[in-house]
1. Which members of the range 406-418 meet the condition of being surrounded by fewer than 18 Cβ atoms within 10 Å (Cβ to Cβ) and outside any helix (DSSP H, G or I)?
2. All but one of (1) in contact (Cβ under 8 Å) with a residue 12 or more places away in the chain; (2) farther than 16 Å from residue 51 by Cα; (3) assigned to a helix (DSSP H, G or I) hold for residue 119; which doesn't?
3. Can you tell me which residues in the range 419-470 are within 15 Å of residue 378 (Cβ to Cβ) and assigned to a loop (DSSP other than H, G, I, E, B)?
4. So which residues in the range 473-487 are over 13 Å from residue 506 (Cβ atoms) and outside any loop (DSSP other than H, G, I, E, B), if there are any at all?
5. For the range 532-550, state whether one or more residues are over 17 Å from residue 368 (Cβ atoms), buried (at least 20 other Cβ atoms within 10 Å of the Cβ) and touching a helix residue (DSSP H, G or I) at 6+ places or on another chain (Cβ under 6 Å).
6. Which residues, taken from the range 66-97, are surrounded by 20 or more Cβ atoms within 10 Å (Cβ to Cβ) and closer than 22 Å to residue 355 by Cα?
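The values are calculated or read from the model by the stated rules, or taken from the named source; none is laboratory data. Here the structure is a predicted model, which is why all the values come from computation and not from measurement. Here the Cβ positions follow ideal geometry from the backbone for every residue, glycine too, while neighbour counts run over all protein chains shown.
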């Protein structure tokens, strides 16, 4: 495959083995409508232009990105193999840009719908058409469309037009000729019986014209970022706050959660995402009333703009000036200010939601990319009271070796000897303990057994594992397929052990929103949250890469370009034809065409499963060591030319001597000349050289130093106080700080003001100092001292 250089357009290469579906009449009509709509709005703005404006992108970069998305390229593929076209954007940046692009597409579609709706009413004229096509936000479009909505209440301007006052109103605002409004007075018509009534209705039409003027809306759009808006909230009831208040849905609401906002005021630019989400929730539950304060500065700017555009046009007339001044005031109070407030509220909501999606996404990424703990046998304890503690011993490869159930927290008691025997029998010195029900009690019991030396000669340690989603997975079809005769409770324990051994492979079995990362989940749109998190999972799985011959369906379906159905077809092909021996063989799988192969190939590795097979694997036809690296098949020719230039052998790729030679060569290379020589981009060249300097099957997670925090004993919340220094592990990050497991049964909170410059993420180990302890509320405030 040819490469794309910055700014260069690429031809779409979407091809599948399956024949394209036959176009029906409705499909053709839809395509024709879309094409028609496209021409209707392209005269005012193009997708990539609006994207560049909203995301502050270079126009060429924006155009490249839009083209890449329209061609069906995935974010992991673009982030790794099309960096030249995006200016080296990160996956996080690309996800953000893609969301914006999707919003632009939705706006474009809505504009088409509005144009057709107004045209159908017979009220579409060139000016209105331009106003609709120029709208750059949904709020703007809704503002323009509101008077024409079917079934909507007729506007004041619409009623005035029905009285025959549109012509004099337009003549008056444009000042093309003198207008004598007294000739429109009709004593027998209630709304036209006096000159004052006629002037009032003419003013309504002029106000509407001003409010939908393209230049005016553009002026306000550019003005808004410079305005200091303020958000004010009050308790919506005059009665004293009570513990519970019922909403329309009859669900009790704990008003005390919103006490902070009963008399709250803050400039919108300083409002934190969690504050906005809480305010919106309080308003929706009718606990809070919310007001956006628009400074007088906005009206003054608006008034000046309108004065120069309309009032000073043509010869001066006192009555005309008076009517237009009244129209400007009416337009601002009745139409423009509410529009500004809606846009400010919408922008605050979108920013807060985006920040929350980002928190979820970042936390999930750090959770999935935690380094695996390989080569260790682990015993997992899924704690419980009446139903007992479920034990499962898992081999270094994840196989269930042993299991049992003990009841240390019931009248039956005991379990010590059972636990001792199962650990000694399997020579296991590592324990993972789920953080759910009975975790604290089980940890106390376990740490005492360790301190009493019950498990000697084993030096037993334990770590707390987040068990969110484990029970959901244990009852899934995937779990039943893997463990057909095992109790779901034991499967949950197996999952806890595997989450330490191979976090990525285990956690992808659970829908990401069930993994307990982030906050404000119920304030976010479920579909959008799922899509954002699914994108992160796909990115993580793709960037780590999976073995095409051993990966489960759960892992394969998360690879960029693949779906659950395609993953199933790959596994079926594997079972029917034996293991894959080279990447290109993937195109023989039904449903994997050229485009799908392009998207997924770089993330799927083909090579020997173990050291025994390595001696003979590369003697098979068409095998290639590059198939076991991050280098994309489209760059194989360039890679071979580079190897030939430096007299290196493809068969030596991944060996120690080969890696040393590459590392010694790289600092001496003239990359610009090499790019010209091999007709490739610098980004591709860097990727090739960086990959050749690593061993085959390199795992990027090995570059991260985070390891589980193993303990032998614990401290009680009663044993700590201000000044106590502890170590812990970050297990959740929010906008206002991060929560740290410090081994006392409840998390400590490092407020954002107490981070001391440390950028903490999930899995980080940190030394902290206790600032305050509220035992009754189980609240611990801590300060970061050092990132370990």
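1. Of everything in the range 406-418, those that are surrounded by fewer than 18 Cβ atoms within 10 Å (Cβ to Cβ) and outside any helix (DSSP H, G or I) turn out to be 407, 410, 411, 412, 413, 414.
2. Status for residue 119: all satisfied but (1).
3. Within the range 419-470, 426, 427, 428, 429, 455, 458, 459, 460, 467 meet the criteria.
4. 477, 480, 481
5. Within the range 532-550 (the criterion being over 17 Å from residue 368 (Cβ atoms), buried (at least 20 other Cβ atoms within 10 Å of the Cβ) and touching a helix residue (DSSP H, G or I) at 6+ places or on another chain (Cβ under 6 Å)), the answer is no, since none of the residues qualifies.
6. Of everything in the range 66-97, those that are surrounded by 20 or more Cβ atoms within 10 Å (Cβ to Cβ) and closer than 22 Å to residue 355 by Cα turn out to be 75, 76, 79, 89, 91, 94, 95, 97.
Here's the yes/no breakdown for (1) closer than 21 Å to residue 359 by Cβ; (2) touching a strand residue (DSSP E or B) at 6+ places or on another chain (Cβ under 9 Å):
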{"position": "752", "(1), (2)": "yes, yes"}
{"position": "769", "(1), (2)": "no, yes"}
{"position": "775", "(1), (2)": "no, no"}
{"position": "781", "(1), (2)": "yes, yes"}
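Conditions (1) in the same structural domain as residue 135 (by TED's automatic domain parsing); (2) buried (at least 20 other Cβ atoms within 10 Å of the Cβ); (3) under 38 Å from the mean Cα position of the chain (by Cα), marked per residue:
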residue	(1), (2), (3)
313	no, no, no
317	no, no, no
325	no, no, no
332	no, yes, yes
341	no, no, yes
356	no, yes, yes
364	no, yes, yes
371	no, no, yes
382	no, yes, yes
